[in-house]
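Before any comments, here is the structure.
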Amino acid sequence: MTNSSPASEPRPGSDPATNRPHLELNQRAWHRFRRNRPAVLSLYAVACLVVLVLAWPLVLKIVSGSGPGGARLAQGLQPDRLSEAQFQPPGLKHWFGTDVHGRDLLSRVLYGAQVSLLVGLVGAAVSLVIGVFWGAVAGYVGGRTDSFMMRAVDVLYSLPSIIFVIVLLTTLEGVLKRWLGALGTYNPGGATRLVLLVIGLGAVSWLTMARIVRGQVLSLRQRPFVEASRALGAGPVRILARHIIPNTLGVVIVYLTLTVPAIILYESFLSYLGLGIQPPMASWGSLIAEGADQINPIRIYWWLLAFPAAFLVTTLLALNFIGDGLRDAWDVRAGNGRD
Amino acid sequence: MCGMYFLRRLVLLLPLLLIISLFSFVLVRVAPGGPFDRERKPASPEIELQVQAKYHLDEPAWKQYVRFLADLVRGDLGVSLQYRNHTVNDIIAQALPVSASLGLLAFGFAMGVGLPLGYFSAVRRGHWGDYAGSLLAVLMICIPGFVVAPSLIILVGIKWRLFPVALWVSPLHAVLPVVALGLYFSGRIARLMREGMLNVMPSEFITAARAKGLNENVLLLKHALPLAILPVVSYSGPLLADLLTGSFVIETIFQIPGLGAFFVNGSLNRDYTLVVGLVILYAFLLIVLNLAVDLLYVLLDPRVRYD
């Protein structure tokens, strides 16, 4: 796309039925994004990580099915399998070493990645739903409703989020356990924790999203195409769902990519405190906490800290590069909440 | 004009604090469990009732809130329900100075590292210095404190034995926790500073000053910097409120008797009075600091007018 054609010309890539004006904008932004080398590289890195994390259980299964030697090897690599080989430094048998219970650290890091990534993605999705709903309603309805809803956001901003999270987690825990127990879910404890973390983290991370969406909606609702739709008799729900929210998507996706690493970080912080994922399940945060627990002046088990931390930091780095790349490509800026 | 605006903001502080206190008051009480769940069991029902009555927990919630407000007006945050020999005021008076000094040092560290880093990245835009500086800044915001702190302890503390790894007794003890706490915020500040400079540098008044033949360093430091630093200034309000009230992770790892642990333990143990007291302290700091930030804006940017 080196030559820029006028917007009115029908383009082969656009859908003539909907003819959305932001389609071309998105294509150009995507082009800009692909020239951002760190961002593209990060995208590949995250893709590789996801593939590795998803493939690892399969690899273990295949190895264990390949004869008695393979079965023994795979047994030793099971993330929850306790053994005598405690605190083995990284070596041929255990690439990342073993932990205090003799469990293979590589397996534990890769299984922990499942939790960290899942919580980050779904938590960001929860914050997206709340934030977009809150911001869109406040911005579209306006007036008293708007100022009430945004003052509520201000109040939540001035609450220390750690207190909010702890109270939310403990309040929801009982309720969820009963529900999931009634549903007969397998492993209610672990599942409850995951759902809890996702809801709790999403519920404290939507504030900035709401502010951004509100700002967008305020400017969008003045635009002629919204007025035209209103003149044709469309109700507020239809206008929001069909015309306004789709037009905020670019900005929303950019902030979503920056929310994912923030939530992964918050989850690992909570797990580090022991409030997140419960053993024997692990996430990167709880693995780092286990590593930090083993610090003593006599023997240094550096691998317990180094490998989970390296995975966490690399992932956060990559996600931040992707987020920054998307932000630059779509050229969106967060207002500082002053306007 | 300006004075009126800030006076109004100052008056608004009270209702805002009232709402926040009510919100946190309801929030901790909605959570299941109570402050005495970890007491010796089985306590006879009579004893339980007596304890409840002593702390007025048997009264209806609205009455408790009114009682709390009456105490608050006198500056009394009540007795902690978990550490029952201490009032919340005592706890804050003991732990806040420790957390605040750690926080202020970390703030100074973050500014001292972040501002020059961001400034030089922006000035060297597109050169390798910018790439290196920006990468360093992103790296800093991607390494959480609970990774930095144990790594520093292992390397600098245990292996090289340069600094003590715990406690809070001498300036030497402050070095590792200050670095561990401040590193993340240095990265945030560097990124804000760089972005601020990049936004200001294409301005017309900069071009005009440059055309006039002004020395480049004077131009950047005297004319661009005061405007470019504005995003950092507005970030430093909430940042300071966070840092002054302590960090759970850093204070736990380095065994510093600060305020951070009380936020976590208070909410875990349903220590109603402590939680509400801490929330009010935090919110008060945040609102006052944000007000101070807006005042600073007027001083730094002559275009800003409030009315």
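Some notes on this structure:
- Segment A:231-266 - residue that is over 30 Å from the mean Cα position of the chain (by Cα) and surrounded by fewer than 15 Cβ atoms within 10 Å (Cβ to Cβ) and, of those, nearest to A:G123 (Cα to Cα): A:P236
- All positions within segment A:117-160 that are without any contact (Cβ under 8 Å) to a residue 60 or more places away in the chain, within 14 Å of chain B (Cβ to nearest Cβ), in a helix (DSSP H, G or I) and within 30 Å of A:S283 (Cβ to Cβ): A:V153, A:L156, A:Y157
- Identity of the residue in segment A:94-117, within 26 Å of the chain's Cα centre (by Cα) and among the polar types (S, T, N, Q), that ends up surrounded by the fewest Cβ atoms within 10 Å (Cβ to Cβ): A:Q114
- Set B:V73, B:V28, B:V98: member being at negative phi and in contact with a Pro (Cβ under 8 Å, 6 or more places away or on another chain): B:V98
- Elements of the type helices (runs of 4 or more DSSP H) sitting completely within segment B:203-275 and holding at least 2 residues that are over 27 Å from B:G103 (Cβ atoms): these cover B:204-211.
- Top-ranked residue in segment B:21-35 [being assigned to a loop (DSSP other than H, G, I, E, B) and facing another protein chain (nearest Cβ under 10 Å); ranked as surrounded by the most Cβ atoms within 10 Å (Cβ to Cβ)]: B:A31
- All positions within segment A:65-121 that are under 12 Å from A:L304 (Cα atoms) and acidic (D, E): A:D99, A:D104
- Residue that is surrounded by the most Cβ atoms within 10 Å (Cβ to Cβ) [pool: residues in segment B:118-141 that are touching a helix residue (DSSP H, G or I) at 6+ places or on another chain (Cβ under 8 Å) and facing chain A (nearest Cβ under 9 Å)]: B:I141
- In the set (1) within 19 Å of the chain's Cα centre (by Cα); (2) free of Cβ contacts under 8 Å to residues at least 40 places away in the same chain, the condition left unmet by B:S186 is number (2).
- If the condition is being surrounded by 22 or more Cβ atoms within 10 Å (Cβ to Cβ), at the interface with chain A (Cβ under 9 Å from one of its Cβ atoms), within 21 Å of the chain's Cα centre (by Cα) and not small (G, A, S), then segment B:142-167 contributes B:C142, B:P144, B:F146, B:V147.
- Scan of segment A:118-139 for residues that are crowded, with 22+ Cβ neighbours inside 10 Å and of a type outside the set (S, T, N, Q), ordered by number: A:V119, A:G120, A:G123, A:A124, A:G131, A:V132, A:G135, A:A136, A:A138, A:G139
Each reported figure results from applying straightforward, stated rules to the coordinates on display, with no laboratory input. The shown structure was predicted, so the numbers you read here are calculated from the model rather than taken from an experiment. Quick reminder, even Gly has a Cβ in these numbers, built from the backbone with ideal geometry, and neighbours come from all protein chains shown.
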